[in-house]
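Participant: Below is a structure I'd like to ask you about.
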Protein chains: 2
Amino acid sequence: MGEFSFIEWIRKRQKRRKDVALGIGDDCALINVSADKLCLITTDMLIDGTHFDLKRCAVRDVGRKAIACSISDVAAMGCRATVAVVSVCFPNNTPESFARELYKGIWGIADKYGIGIVGGDTISGDSPLCINVTMLGRDEGLKPIRRSGARVGDAILVTGKLGGSILGKHFNFEPRIREGVLLNKHFAVHAMIDISDGLTADLNHILEESHVGAMLYEERIPISEASVELARKTGNTPLYHALSDGEDYELLLTLSGGQAKKAIASPLFEKGTFSCIGEIVAGKKMQMKCPDGRVRRIKPLGYEHLKSPVRKRP
Amino acid sequence: MGEFSFIEWIRKRQKRRKDVALGIGDDCALINVSADKLCLITTDMLIDGTHFDLKRCAVRDVGRKAIACSISDVAAMGCRATVAVVSVCFPNNTPESFARELYKGIWGIADKYGIGIVGGDTISGDSPLCINVTMLGRDEGLKPIRRSGARVGDAILVTGKLGGSILGKHFNFEPRIREGVLLNKHFAVHAMIDISDGLTADLNHILEESHVGAMLYEERIPISEASVELARKTGNTPLYHALSDGEDYELLLTLSGGQAKKAIASPLFEKGTFSCIGEIVAGKKMQMKCPDGRVRRIKPLGYEHLKSPVRKRP
């Protein structure tokens, strides 16, 4: 089984409810808590050996990452994160000092982003360290930005530089909550997602939800230095890593060409925050134009749980 | 380390926030979502080998239990559960049929109690099956009942019969959401909790939060048939199991003697729902009066994570 097809199976079976404005299938669900208020909710589970490797990292970094991933999901809706509950399964016989270090990582980033840790569950088991964070967010009068609003003709923007996050960024990234909220407040963003699975995999989520296609421009993909470094080790191209590596936690969004130009030039954002990497087109295909003018189809590449990842050079 | 001391360590470090009416340390946290609305939030993590044993149970029962535990936490505040998000870590190479069975268990009970499953996370790892449920609830104009309101002179009531849940009830219990809401609506309940750790352990949570003591009457403890059956195998007394076994998910509450009598006699509840097992007294001690009039101190017994459970005959 694959994660995405299984989620689709679950999603088809969800029931409509008056108090749920948006259910399974976006970065957050949206709950109607009163006549004019929405509550955002998102949940992320991380486990040793899959999302981090305690043999090679500090447990404090793990606590930080667990919170940062969920903040990024709220950022991807252009809203503000407020409170979280944290469940942890510690391996049997975990020393208390280890458990405290985890919480220091959690609190460090929660304080920085003004998020209250209001509850949780602490268990132990014959298991690797496993953490689940559920985070709530508030709309603050802004309409949460979904994956499903991309329109033909939209420009596709991405923040930051992509790929190679395994070399460090998957731990020390700053969730783009500031950019997400500012984009939502000042620009007419049509669709947004954070890059957790990989650029092409997450763009594909937008395309599927919006029933559109995309044309990317190869030379405009912002390739990180980490991609270049990682490519030397893996034998893949830096472009491959930028297109397919997960856990960059950058924002990927679509908006009209005019709005895109304004956002890129806006003094609200640090210079160079955005790259315009392509545009939304009719159809369903994801394609890429090479510098020599040739166009080729690209398939979503990236990490998918519950599936042996098949990674090919794009 | 022990679960309770670690939670206390976490709790001491939590910061006060305007938007949080109640943080760590009760069955649910309470978030102010608008001027007059509270959102309840609770989270529970279950892992194979600790909370269930897939060698001896159906995975559908596991899904049911994960949801039922969280409903019980909302019931313990006298409020109504609304929506939940579910994270699951499947062991690597889990077949899809197994994953679907889990969700059938989740949906079965969610539908029965009118709870929407609005999101989740599905991952895989080199780990036993691990499930986390975060559930939201709404106050519906009722004040959520905390653990901290017990007063000297209060009667102590408990629903159902206790102990031996390992023989089946820990899977097939019905969370007392109906009773919790009715108690909150029609009676002045001072303190309430659900019995997940064990009667004495959970009563101790109420006593510590309320800064009071308790006198229990041995002959009034409602001992389940499962306790009698289990006692035959373990060599412990049935009373021991009723006092110390966890996962009964019954409600334990305190209210004035007059209100207690009214609740016990009320046609709102099935006859025999409540047992009055003792009263709240000054001091900090938990004591028990035997049928012969002798009084002895009892210590909280029950399951505590992160600690080798020390269980003695009371």
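Participant: Counting only residues 5 or more places away or on other chains, whose amide H sits under 5 Å from the amide H of A:Gly125 once H atoms are built in the peptide plane?
Facilitator: Long-range HN contacts for A:Gly125: A:Phe90, A:Asn92.
Participant: Then there is this: What distance in nm separates the two pseudo spin-label positions at A:Arg296 and B:Val228, each 7 Å out from Cα along the beta-carbon direction?
Facilitator: 7.6 nm
Participant: Given a 1.4 Å probe, show me the residues in the range A:129-147 buried by at least 40 Å² of accessible surface when comparing the whole protein assembly to the chain alone.
Facilitator: Correct list: A:Leu136.
Participant: Here's something else I'd like to know. Just checking the output field for B:86-98: average partner chain Cβ neighbours within 10 Å of each residue's Cβ?
Facilitator: For peptide B:86-98, the averaged partner shielding equals 4.
Participant: Which helices pass in chain B if a helix is a full DSSP H run, must span at least 18 angstrom along its long axis by Cα, and must have mean Kyte-Doolittle hydropathy not below 0.0?
Facilitator: Once both thresholds are applied, what remains is B:59-75.
Participant: Counting heavy atoms of the protein chains only and a 1.4 Å probe, report the per residue accessible area for the range A:1-136 as a whole number of Å².
Facilitator: 35 Å²
Participant: Next question, about the same structure. Please give the peptides A:71-81, B:249-259 ranked by average Cβ packing (other Cβ atoms within 10 Å per residue), highest first, as a rough proxy for protection.
Facilitator: Put in order of decreasing packing, that is A:71-81, B:249-259.
Participant: Hey, what's the range A:189-257 come to in accessible area per residue, 1.4 Å probe, Å²?
Facilitator: Averaged over the residues of the range A:189-257, the accessible area is 31 Å².
Participant: Specify, per residue and in Å³, the volume enclosed by the convex hull of the alpha carbon atoms belonging to the protein assembly as shown.
Facilitator: Each residue corresponds to 147 Å³ of Cα convex hull volume.
Participant: What order do you get for B:126-135, B:146-155 when each peptide is scored by the mean count of other beta carbon atoms within 10 Å, highest first?
Facilitator: The peptides rank, most packed first, as B:126-135, B:146-155.
Participant: Please list, in order along the range A:77-90, the HN-Hα scalar couplings obtained from phi with the Karplus expression 6.51 cos²θ - 1.76 cosθ + 1.60 (θ = phi - 60°), rounded to whole Hz, x for Gly and Pro.
Facilitator: 9, x, 10, 10, 7, 10, 9, 9, 10, 10, 9, 9, 9, 8
Participant: Out of every Cα-Cα pair in the range A:1-77, what percent are more than 21 Å apart?
Facilitator: 45 percent
Participant: For chain A, just give the cysteines left without a disulfide-compatible partner, judged by no other Cys Cβ under 4.7 Å.
Facilitator: If one checks each Cβ against the other cysteines of chain A, A:Cys28, A:Cys39, A:Cys57, A:Cys69, A:Cys79, A:Cys276, A:Cys290 turn up with nothing under 4.7 Å.
Participant: Measuring from centroid to centroid over Cα atoms, what is the spacing of the range A:13-53 and the range B:141-197 in Å?
Facilitator: After rounding, the separation between the Cα centres reads 29 Å.
Participant: Turning to a different aspect of this structure: For A:Leu255, what residues show an amide H to amide H distance below 5 Å, using hydrogens built from the backbone and excluding near sequence neighbours?
Facilitator: Counting only residues 5 or more places away or on other chains, the set is A:Ala155, A:Leu157, A:His190.
Participant: If the limit is 22 Å between Cα atoms, which of A:Lys185/B:Lys37; A:Lys169/A:Lys233; A:Lys18/B:Lys65; B:Lys65/B:Lys233; B:Lys15/B:Lys285 go over it?
Facilitator: Violating the 22 Å limit, Cα to Cα: A:Lys185/B:Lys37; A:Lys18/B:Lys65; B:Lys65/B:Lys233; B:Lys15/B:Lys285.
Participant: Ok, one more. If I take every Cα pair under 8 Å that is 6 or more residues apart in chain A, average their sequence separation and divide by the length, what percent do I get for the relative contact order?
Facilitator: Relative contact order comes out at 21 percent.
Participant: Roughly how many percent of the accessible protein surface of the protein assembly as shown is carbon and sulfur, given a 1.4 Å probe and a whole-percent answer?
Facilitator: Here carbon and sulfur together make up 48 percent of the probe-accessible area.
Participant: Between B:Lys185 and B:Lys18, what length in nm is gained on full extension when 0.36 nm per residue of separation is reduced by their alpha carbon distance?
Facilitator: Contour length minus the Cα-Cα distance gives 57.5 nm.
Participant: Count, for each residue of B:29-41, the Cβ atoms from other chains sitting within 10 Å of its Cβ, then give me the mean as a whole number.
Facilitator: For this peptide, the per-residue mean of nearby foreign Cβ atoms is 5.
Participant: Let's see if you can work this out: charge +1 on each Lys and Arg Cβ, -1 on each Asp and Glu Cβ, no other charges. What is the dipole magnitude of the range A:2-98 about its Cα centre, in debye to the nearest 20?
Facilitator: 320 debye
Participant: Could you give, in nm with one decimal, how far B:Pro291 is from each other copy of that position, shortest first, with labels 7 Å out from Cα toward Cβ?
Facilitator: In nanometres, ordered from closest: 9.2.
Participant: Which ³J(HN,Hα) values in Hz, rounded to whole numbers, follow from the phi angles of the range A:277-293 under the Karplus curve 6.51 cos²θ - 1.76 cosθ + 1.60, where θ = phi - 60° and Gly and Pro get x?
Facilitator: Those phi angles translate into 9, x, 9, 7, 10, 5, x, 10, 7, 9, 10, 9, 9, 7, x, 7, x Hz.
Participant: Interface B/A, total buried accessible area with a 1.4 Å probe, nearest 100 Å²?
Facilitator: 5200 Å²
Participant: Another question, if that's okay. Quick one: 3J(HN,Hα) in Hz for the range B:137-147, Karplus 6.51/-1.76/1.60 with θ = phi - 60°, rounded, Gly and Pro as x.
Facilitator: x, 10, 7, 6, x, 9, 7, x, 8, 9, 7
Participant: From the helices alone, meaning DSSP H stretches of at least four residues, give me the mean residue ellipticity at 222 nm for the protein assembly as shown, per-run term -39500 (n - 2.57), in deg cm²/dmol to the nearest 500.
Facilitator: -9000 deg cm²/dmol
Participant: Once you have the Kirkwood Rh of the range A:144-222 from its Cα pairs, apply Stokes-Einstein at 37 °C and 0.692 mPa s and quote D in µm²/s.
Facilitator: Estimated via Stokes-Einstein, D reaches 240 µm²/s.
Participant: Still on this structure: What is the distance in Å between the Cα centroid of the range A:106-140 and that of the range A:223-300?
Facilitator: Rounded to whole Å, the Cα centres lie 31 Å apart.
Participant: Moving on to the next point. From the Cα trace of chain A, what convex hull volume per residue do you get, rounded to a whole Å³?
Facilitator: Given the Cα convex hull of chain A, per-residue volume reads 144 Å³.
Participant: Under the classification rounded if a/c is under 1.5, otherwise prolate if a/b is larger than b/c and oblate if not, where does the range A:78-130 fall, given a ≥ b ≥ c as square roots of the Cα gyration tensor eigenvalues?
Facilitator: prolate
Participant: Taking amide hydrogens as modeled 1.01 Å from N in the peptide plane, which residues meet the under 5 Å criterion relative to A:Glu250, leaving out close sequence neighbours?
Facilitator: A:Ile195
Participant: Further, regarding this structure: Using the Cα centre as the reference, give the magnitude of the dipole from point charges on the C-beta atoms of the range A:215-254 (Lys, Arg: +1; Asp, Glu: -1; all else neutral), rounded to the nearest 20 debye.
Facilitator: 140 debye
Participant: While we're looking at this one, here's another question. Toward the positive end of the charge dipole of chain A, about the Cα centre and with charges on Cβ (Lys, Arg +1; Asp, Glu -1), which of A:Leu136, A:Asn32, A:Pro91 goes farthest?
Facilitator: Final value for the positive-end residue is A:Asn32.
Participant: Treating the beta-carbon of each Lys and Arg as +1 and of each Asp and Glu as -1, no other charges, what is the dipole magnitude of the range A:157-236 about its Cα centre, to the nearest 20 debye?
Facilitator: Dipole about the Cα centre, nearest 20: 280 debye.
Participant: Could you tell me what percent of the DSSP beta bridges with both partners in the protein assembly as shown are antiparallel, to the nearest 5?
Facilitator: Among the beta bridges of the protein assembly as shown, antiparallel pairing accounts for roughly 75 percent.
The values are calculated or read from the model by the stated rules, or taken from the named source; none is laboratory data. Bear in mind the structure is a predicted one, so any value in this text is a computation, not a measurement. In this analysis, Cβ positions are derived from the backbone assuming ideal geometry, glycine residues included, and neighbour counts consider all displayed protein chains. Areas reflect the complete protein model, heavy atoms only, side chains present, ligands, DNA and RNA absent. Shrake-Rupley method; radii C 1.70, N 1.55, O 1.52, S 1.80 Å.
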